[in-house]
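In what follows, a structure is listed as structure tokens, so that the remarks can point back to it.
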Amino acid sequence: MSIFRTGNEYTETSSKEKLLPLLIAYQQAVDTSIISSITDTKGEIVHVNKRFCEVSKFNAEELIGQNHRIINSGYHPKEFLKNMWKTISEGRVWHGEIKNRAKDGSYYWVDSVIVPIKNQQGNPIQYLSLRTLISERKAKEEKEREEQIRAMEEMLYKISHEVRQPVVQILGLSDLFDHHIDSEDDLKMTLDGIRRSAVLLDNYTRELAGFVRKIRNEQ
């Protein structure tokens with residue numbers, strides 16, 4: 001028996017009466033924010049909550065008795081899934097990010113924790129999966145990656161065109177030393193041309209180094 005204070009009065013309540021409202025509140029909180037399911041050791045779904053159905057767009061009757069392959073997006077390699085099952089079958093908790101496919105063909109990302117439910121001997125008898133939706137974060141990361149790729153493509157274009165130009169100029173001017181320099185003025189003009197090309201090349205090299213540092217810091 002436990003004693004609780006209500007206003008200025010104290011009331012007695014049993015442990016069962018105390019625990020039941022907490023369990024109901026906990027279930028409501030989980031169903032609102034957490035995508036949860038329970039599978040047996042063969043991977044067959046035996047329970048899903050309301051949030052799972054909302055996100056996957058399958059109803060409970062369509063999911064119960066099915067394997068999680070029903071929402072498999074095909075994005076992850078077999079080794080990824082094999083490692084996940086190896087971890088939980090050994091009784092260890094697995095944590096990772098998974099891309100799933102809903103009934104309508106749309107994709108969604110979840111941050112997933114799978115906890116083995118064990119018997120008294122410590123062997124897994126079921127697996128509890130708790131997931132949070134992270135599609136917005138993954139979409140933002142994908143956008144940032146695409147922007148980085150575009151920036152790298154622009155830099156590669158600059159390297160292949162603008163950086164190559166002063167290199168070609170330096171090589172061409174250096175040939176003059178062997179064949180076409182007949183006076184001191186010709187020599188000065190050739191050296192000035194080489195110097196200008198070298199400065200351009202140095203500037204592009206510094207720009208490239210700064211770009212690489214920026215990409216590294218953003219990762």
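The values are calculated or read from the model by the stated rules, or taken from the named source; none is laboratory data. For clarity, every value in this text was computed on a predicted model and none was experimentally measured. In this analysis, Cβ positions are derived from the backbone assuming ideal geometry, glycine residues included, and neighbour counts consider all displayed protein chains.
Results for (1) more than 18 Å from residue 33 (Cβ to Cβ); (2) modelled with pLDDT of 95 or more, shown as yes or no for each residue.
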| site | (1), (2) |
| --- | --- |
| 50 | no, no |
| 62 | yes, yes |
| 81 | yes, no |
| 88 | yes, yes |
| 96 | yes, yes |
| 101 | yes, yes |
| 109 | no, yes |
| 121 | yes, no |
Look through segment 26-48, keep the residues that are within 24 Å of residue 135 (Cα to Cα) and in a helix (DSSP H, G or I), and return whichever of them is modelled with the highest pLDDT.
-> 33
Candidate set: segment 51-86, residues that are surrounded by 14 or more Cβ atoms within 10 Å (Cβ to Cβ) and among the basic types (Lys, Arg); chosen: the one nearest to residue 117 (Cα to Cα) = 51
Within segment 59-116, track down each residue that is of a type in the set (Lys, Arg), assigned to a loop (DSSP other than H, G, I, E, B) and over 20 Å from residue 42 (Cβ atoms).
-> 103
For segment 29-63, how many residues are aliphatic (A, V, I, L, M) and touching a His at 6+ places or on another chain (Cβ under 8 Å)?
-> 2
Taking interchain pairs and intrachain pairs at least six residues apart, which have beta carbon atoms under 7 angstrom, with the first residue in segment 54-79 and among the aromatic types (Phe, Trp, Tyr) and the second assigned to a loop (DSSP other than H, G, I, E, B)?
-> 58/103
Tell me, which residue of segment 131-157 that is over 10 Å from the mean Cα position of the chain (by Cα) and not in a helix (DSSP H, G or I) is nearest to residue 39 (Cα to Cα)?
-> 131
When only residues in segment 129-158 that are surrounded by 16 or more Cβ atoms within 10 Å (Cβ to Cβ) and not charged (D, E, K, R) count, which is modelled with the lowest pLDDT?
-> 155
